[in-house]
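Visitor: Supplied in structure tokens, the structure appears directly below.
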Amino acid sequence: VQLQASGGGLVQAGDSLRLSCAASGRTFSSYAVGWFRRAPGKEHEFVAAISGSGGRTNNADSVKGRFTISRDNVKDMVFLQMDSLKAEDTAVYYCAAEASLARFTTTTGPRYWGQGTLVTVSS
């Protein structure tokens, strides 16, 4: 499965932004899809993931109540709605896919990755 992330940009603290991840290749609904981020000088951090059917989600504690992940299996898209953005949310955001939702929070991580999209939040 190939993934293409988009939607990053420069916003102010408190603003909202929506990231999109477009998928192509194998049956999209067979894959859980999620988001990771990497801030300058820091390691990859899990953000959120959603199961293939969209019935289950998993969010990192740092974004609970602010970020919402969703998907459209007709359009083969996954979205990350980011509200109440903070300066510490500044990072390159990557979308990724894997057959199992659980894989997103293991040390192995998902197998399929898209390129990143930069989100910059000014304080």
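The values are calculated or read from the model by the stated rules, or taken from the named source; none is laboratory data. The structure presented is a predicted model; accordingly, all values stated were derived computationally and were not measured. Please note: Cβ atoms are built from the backbone with ideal geometry, for glycine as well, and neighbour counts cover all protein chains shown.
Visitor: Which residues, counting only those in segment 14-33, are more than 18 Å from Val47 (Cβ to Cβ) and either in contact with a strand residue (DSSP E or B) (Cβ under 6 Å, 6 or more places away or on another chain) or of a type outside the set (D, E, K, R) (or both)?
Guide: Listed by number, the residues that qualify are Gly14, Ser24, Gly25, Thr27, Phe28, Ser29, Ser30.
Visitor: Report, ordered by the first and then the second residue, all pairs with beta carbons closer than 9 Å, sequence separation of six or more or different chains, a first member in segment 25-51 that is under 11 Å from Val92 (Cβ atoms), and a second member that is modelled with pLDDT of 95 or more and surrounded by fewer than 14 Cβ atoms within 10 Å (Cβ to Cβ).
Guide: Taking only residues 6 or more apart or on different chains, the pairs are Ala39/Glu88.
Visitor: Can you tell me which residues in segment 68-105 are more than 15 Å from Val47 (Cβ to Cβ) and over 13 Å from the mean Cα position of the chain (by Cα)?
Guide: Result: Asp72, Asn73, Val74, Lys75, Asp76, Ala87, Ala99, Ser100, Ala102.
Visitor: Pick from Val92, Val63: which is among the aliphatic types (A, V, I, L, M), touching a strand residue (DSSP E or B) at 6+ places or on another chain (Cβ under 9 Å) and in a loop (DSSP other than H, G, I, E, B)?
Guide: Val63
Visitor: Tally time: how many residues in segment 68-105 are exposed (fewer than 14 other Cβ atoms within 10 Å of the Cβ), out of contact with any Ser or Thr (no Cβ under 9 Å at 6 or more places or on another chain) and within 26 Å of Asp15 (Cβ to Cβ)?
Guide: Residues flagged as exposed (fewer than 14 other Cβ atoms within 10 Å of the Cβ), out of contact with any Ser or Thr (no Cβ under 9 Å at 6 or more places or on another chain) and within 26 Å of Asp15 (Cβ to Cβ) within segment 68-105 amount to 2.
Visitor: For segment 76-111, enumerate the residues that are free of Cβ contacts under 8 Å to residues at least 24 places away in the same chain and among the charged types (D, E, K, R).
Guide: Hit for segment 76-111 is Arg111, nothing else.
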